[in-house]
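The values are calculated or read from the model by the stated rules, or taken from the named source; none is laboratory data. These figures come from a predicted structure and were not determined experimentally. For neighbour counting, all protein chains shown are included, and Cβ atoms are generated from backbone atoms with ideal geometry for every residue, glycine included.
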Amino acid sequence: MKTIKPKKLQKGDTVAIVSPSGAVPSELKNQFDQGVKFLENLGLKVIVGKNALKRFYYSGGTVAERLSDIHDAFSDKKVKAIIMSIGGSTANNLLDGLDFNLIRKNPKMFLGISDGTTLLNPIFSKTGLITYHGPDLMFTFGLPMSSAIKENVIKTLFEGKVGQLRCNPNWKGLSSLNKNENYKGWQCIRKGKASGKLIGGNINCLMKLDNTEFRPNYKNSILFLEAYGATVENLDCYFTHLRQTKVFGEINGLILGHFYGSHLENKEQDRKISDVILEAAQDYSFPILEIGELGHNVENYILPIGCIATIDVGKKYFSIDEPTVL
C-alpha cells in the first residue's frame with residue numbers, strides 16, 4: 001500500500017481534540033485546558049469535538065459519539081490534525097465502524113498514545129496514512145515539557161525533518177512511582193543495525209488486534225513497545241506471545257520503552273526486562289535498543305508509525321530517516 005503523509009502544521013492551522021477511548025476525568029480538566037493553551041501558544045487554533053468531554057461509563061461517549069467526532073474531524077477541511085485527549089481501554093470499539101475510506105481521502109495528522117495504539121496502527125495499515133505515536137493533549141501538551149521534547153514536536157509536526165534522536169538530558173519520571181528513578185540513559189540490549197518502518201505502541205493494545213483484520217503488518221518493521229502496569233511476569237507472557245504469533249520472525253529490530261509499574265515488590269521474583277526479552281527472543285538475532293522517551297509517565301518522542309527508521313544499537317543510534325510530513 002502506498003504511504004500517505006499529511007501536510008505539516010503551520011501557525012494558524014486548526015487542530016481538533018477527540019476522546020475515542022477513555023473519558024476525561026473531571027479532576028483533570030485543568031490539565032485538559034493547559035493542553036489547549038499550549039497548542040494555542042504554538043499558534044494553532046483548537047476546536048474540541050462535540051463529544052470529547054462526554055462520559056459513557058468508562059468511555060469518552062458512546063461508540064456512535066466517539067466515531068462521530070473522529071469522522072467530523074477528518075471531514076472538516078479546516079482541521080489539519082486530530083489529537084486524542086487521553087488514553088483508556090475501549091478504542092477497539094470503534095474499529096468496525098471507522099470509515100477508513102474517509103480517512104484515506106482526507107489525510108491529516110492523527111496523534112495519540114496508550115490506547116491510541118489501537119487506532120494508530122490500523123489507520124496506517126488500512127489506509128497507508130502515517131500516524132503519530134507519543135503525544136496526547138493531557139499528558140504531553142498539558143504538562144511541563146522539556147526542551148528536547150518540544151524541539152521534537154516542532155521538528156516532527158511543523159518541519160518534518162527529525163533525523164537522529166538522542167537521549168533526553170532532562171529525562172524525568174512524571175509520577176510518584178518513577179519520579180525518583182535513577183535513569184541510566186539508552187541501553188544496548190542486543191547489538192546490531194536495522195532499518196524498517198516504525199510499528200508499535202502499547203503492547204497490550206497491539207495484542208487486542210491479533211486475529212482481527214486490524215492486526216499490523218510487522219514484516220520488515222522496527223517494532224517499538226511500552227506498557228502500563230504490566231509486571232515483569234506479565235511482560236514475560238507478552239513477549240512469549242509475540243514469539244508464538246511469529247512477530248519476532250517478521251521484524252527487523254526492536255525498541256523497548258519505559259515499562260511503567262513493571263517491577264515486582266518481591267525482589268526474589270523480580271527480573272530485568274532485558275533478561276526477559278533476551279530469553280524470549282533467543283532464537284532471533286534482531287537488534288534491541290532500550291530508550292526512556294517512550295511510554296507512560298515519561299516524556300515521549302513522537303514516533304511516526306509507517307516512517308522508515310534506523311537503529312544501530314551498539315552506538316545507541318536511532319534516527320527517523322524520511323520526512324514525517326509533506
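Tabulated results
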{"item": "Qualifying helices (runs of 4 or more DSSP H) (wholly inside region 92-173; at least 1 residues being at negative phi and hydroxyl-bearing (Ser, Thr, Tyr))", "result": "117-127, 147-153"}
{"item": "Every residue from region 191-213 that is hydrophobic (A, V, I, L, M, F, W, C) and buried (at least 20 other Cβ atoms within 10 Å of the Cβ)", "result": "Ala194, Leu198, Ile199, Ile203, Cys205, Leu206"}
{"item": "Which listed residue, of Lys184, Lys193, Lys172, is under 30 Å from Thr245 (Cα atoms) and in the same structural domain as Ala309 (by TED's automatic domain parsing)", "result": "Lys193"}
{"item": "Which listed residue, of Lys272, Lys267, is under 17 Å from Lys184 (Cβ atoms) and not aromatic (Phe, Trp, Tyr)", "result": "Lys272"}
{"item": "Hits in region 78-91 (condition: hydrophobic (A, V, I, L, M, F, W, C) and assigned to a loop (DSSP other than H, G, I, E, B))", "result": "Ile86"}
{"item": "Strands (runs of 3 or more DSSP E) wholly inside region 224-326 that include at least 1 residues being small (Gly, Ala, Ser)", "result": "253-260, 288-295, 308-312, 317-320"}
